[in-house]
1. Output the number of residues of the stretch 274-296 satisfying the condition of being open to solvent by 30 Å² or more (accessible area, probe 1.4 Å), modelled with pLDDT of 85 or more and part of a helix (DSSP H, G or I).
2. Based on what the data block shows, is residue 172 more than 23 Å from residue 124 (Cα to Cα), in contact with a helix residue (DSSP H, G or I) (Cβ under 9 Å, 6 or more places away or on another chain) and surrounded by 13 or more Cβ atoms within 10 Å (Cβ to Cβ)?
3. When you go through (1) touching a residue at least 24 places away in the same chain (Cβ under 8 Å); (2) basic (Lys, Arg); (3) out of contact with any Gly (no Cβ under 9 Å at 6 or more places or on another chain) one by one for residue 164, which number turns out not to apply?
4. What number of residues within the stretch 259-272 satisfy the criterion of being modelled with pLDDT of 85 or more and open to solvent by 20 Å² or more (accessible area, probe 1.4 Å)?
5. Does the stretch 32-48 include one or more residues that are more than 28 Å from residue 104 (Cβ to Cβ), free of Cβ contacts under 8 Å to residues at least 60 places away in the same chain, over 35 Å from the mean Cα position of the chain (by Cα) and assigned to a helix (DSSP H, G or I)?
6. Take residue 255 and tell me if it is at pLDDT below 85 and out of contact with any Asp or Glu (no Cβ under 8 Å at 6 or more places or on another chain).
7. Name, by its number, the condition in (1) open to solvent by 80 Å² or more (accessible area, probe 1.4 Å); (2) closer than 28 Å to residue 158 by Cβ that does not hold for residue 94.
8. So residue 68 fits all but one of (1) free of Cβ contacts under 8 Å to residues at least 40 places away in the same chain; (2) crowded, with 17+ Cβ neighbours inside 10 Å; (3) assigned to a loop (DSSP other than H, G, I, E, B); what number is the exception?
Amino acid sequence: MAVTAMLFSEIYGSYFQVVAAILTEAAAGGLTDRRLTELVREKAFAESTLAIPAALRDGSWPLLDRDLKPVLAHTPTMPLTTLQKRWLKALLLDRRIALFAPDAAGLEDVEPLYRPETFVLFDQYADGDPYEEETYIACFQMILQAIREKRMLRVRFHDHTGRRHAVVCTPYRLEYSEKDDKFRLLAVGNRRRHVVNLSRIHACELLEAAPDRFCPTPKHMQELELLLHDERNGLERVLLHFSHFEKETRRLDQRLYQIRLRYDRADETELLIRILSFGPVLEVCSPPAFVDLVRQRIARQRGKFYQR
């Protein structure tokens, strides 16, 4: 996230963005003092309404004449830098990128900033989803469309035994597990909740709009309370590791934080493993059932260690 911010925010910062909007509107004609101030208020910081309009009016930034007409012959553009193009080309090498049908025009001759083999993943399963298969891509895109347009789906899939199923459901989320390298669909239909791995789906059909009363069932969600002792850059590592979970973080002391994290019960085992990977830095406070799971897991691992 920090790298992305550096590549795409710092080069064209808020001042560049707001002045570009002002010059674009001035080139179209009709820019007024009032509109100039409105643009600054909309696109920059609150205190910028004092600095930017004054700099443009008194000639400190010689980009507008006295009639608020642009002195430039062309409206400003924000072309990608070579570094940005290389970063985008690196993203296009990711196996999952085909799921989103990206437009790679203009990057054909660009050298990627890094390649997939640059990273060695030692804690990820090797049987990830078949991201290059046409059926998988088509189902993924149709599910994504249904979620965005709030439409129902007819999904045909097979379970872990190979038995085939067909359900009419309302999808409400696509989730990705970095550890499993798999996507799964979360949906509601026939008064029950469905969790289906995308690799098991072999056909999807878009149906009518979902009913207005539709709402994902919250009863499967659990809340976990954690205490984080911020050692060895623990806060940054934990927030990054659990970035896809809904959570609240509150500072209690100089190096102590309370984290309330909401998770799906189906993810309980994976979440337990992730939390234990942080050792004593991350302490589970509640619910009691999850605390018992932690104790049982530690006792089991301890027993295996002493059996050696």
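1. So the count comes out to 7.
2. Here the answer is yes, as residue 172 does meet what is asked.
3. The number of the failed condition is (1).
4. 2
5. Within the stretch 32-48, one or more residues are more than 28 Å from residue 104 (Cβ to Cβ), free of Cβ contacts under 8 Å to residues at least 60 places away in the same chain, over 35 Å from the mean Cα position of the chain (by Cα) and assigned to a helix (DSSP H, G or I).
6. Working: at pLDDT below 85: yes; out of contact with any Asp or Glu (no Cβ under 8 Å at 6 or more places or on another chain): no.
When the stated conditions are applied, residue 255 does not pass them.
7. It fails just one condition, (1).
8. Just one mismatch for residue 68, condition (1).
The values are calculated or read from the model by the stated rules, or taken from the named source; none is laboratory data. The structure presented is a predicted model; accordingly, all values stated were derived computationally and were not measured. Reconstructed Cβ throughout: ideal geometry from the backbone, glycine too, with neighbour counts over all protein chains shown. We work out accessible area using only protein heavy atoms, side chains counted, and drop any ligands, DNA or RNA first. Shrake-Rupley method; radii C 1.70, N 1.55, O 1.52, S 1.80 Å.
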